[in-house]
Amino acid sequence: MKAKAVFFDRDGVLIKAVIRDHKPFAIHSADEFCLTEGAQEAVQQLAAADYRLFIISNQPDLARGTLAHGFVSETNQKLVGLLGGSAMIRAVYVCPHDNSHRCECRKPRPGMLLQAAKEWDVDLARSFVIGDRDVDMAAGKAAGCSTIVMNAPYNGSVMADYRASDLKDASRWILKNLCR
């Protein structure tokens, strides 16, 4: 039987987004790195319930040249380490393209989810995407996953299967839906 999974967006879900002009942005310095409340507990609960956990992240600033590949890699390594290492987070998938590039990996396209499903034998119909933007929800739906949007001041119009107040709330909702 294929595995069930949870796909976490990175910025605004696991790492607090940087808000500029009422819009969320990825962090650009180590000083801005801050785990969101409940991230470690949610990851532990979901891993204990036998979910395979992944991070999927658009990083368009790489293509724009305003963010270094090394910084993104170091940030992802630090994040995975704080969340329990590779025993908890199986893999991190990053789309380095911006909107001008027609790739299959950039959310709202489901390329990162499809790649993880293929590489890790994941049943997307029994899986969940947790994000903070409409592109996360669209990628999840396109892949056949259930979607959870993290409530934030900038995403009131984003539609999902569930709107969570924090990652602990999202984790509880997923665990209630184990029969999927």
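Across segment 148-154, computed HN-Hα scalar couplings (Karplus, 6.51 cos²θ - 1.76 cosθ + 1.60, θ = phi - 60°) run 10, 9, 7, 4, 8, x, 9 Hz from first to last residue, x flagging Gly and Pro. Residue ranges 111-122, 25-36 sort as 111-122, 25-36 when ordered by packing (mean number of other C-beta atoms within 10 Å per residue, highest first). Classify the chain from the C-alpha gyration tensor, please: rounded if a/c falls under 1.5, else prolate or oblate depending on whether a/b exceeds b/c. Rounded shape, in that the Cα axes give a/c under 1.5. Taken about its Cα centre, segment 55-143 carries a charge dipole of about 120 debye when Lys and Arg each add +1 at the Cβ and Asp and Glu each add -1 at the Cβ. Entry comment: accessible area of segment 43-147 is 44 Å² per residue, from protein heavy atoms only and a probe of 1.4 Å.
Shown in residue order for segment 53-61 are the 3J(HN,Hα) couplings computed by the Karplus curve 6.51 cos²θ - 1.76 cosθ + 1.60 at θ = phi - 60°: 10, 9, 10, 10, 9, 6, 10, x, 5 Hz (x for Gly and Pro).
Our estimate of slack between residue 40 and residue 19, defined as 0.36 nm per intervening residue step minus the Cα-Cα distance, is 5.3 nm. Label reach from residue 104 (point 7 Å along Cα→C-beta): in segment 55-74, amide nitrogens under 19 Å belong to 56-59.
In the chain, the longest principal axis of the Cα atoms and the axis of helix 69-82 are about 40 degrees apart. Full extension of the segment from residue 135 to residue 87, taken as 0.36 nm per residue of separation minus the current Cα-Cα distance, would add 14.5 nm. Measuring nothing but protein heavy atoms, the accessible surface of segment 81-180 at 1.4 Å probe radius is 53 percent carbon and sulfur.
The values are calculated or read from the model by the stated rules, or taken from the named source; none is laboratory data. All values reported here derive from a predicted model rather than from experimental measurement. Here Cβ is always computed from backbone atoms with ideal geometry, including for glycine, and neighbour counts include all displayed protein chains. Ligands, DNA and RNA are stripped out before the accessible areas are found, and what is left, the full protein with its side chains, is counted by its heavy atoms. Shrake-Rupley method; radii C 1.70, N 1.55, O 1.52, S 1.80 Å.
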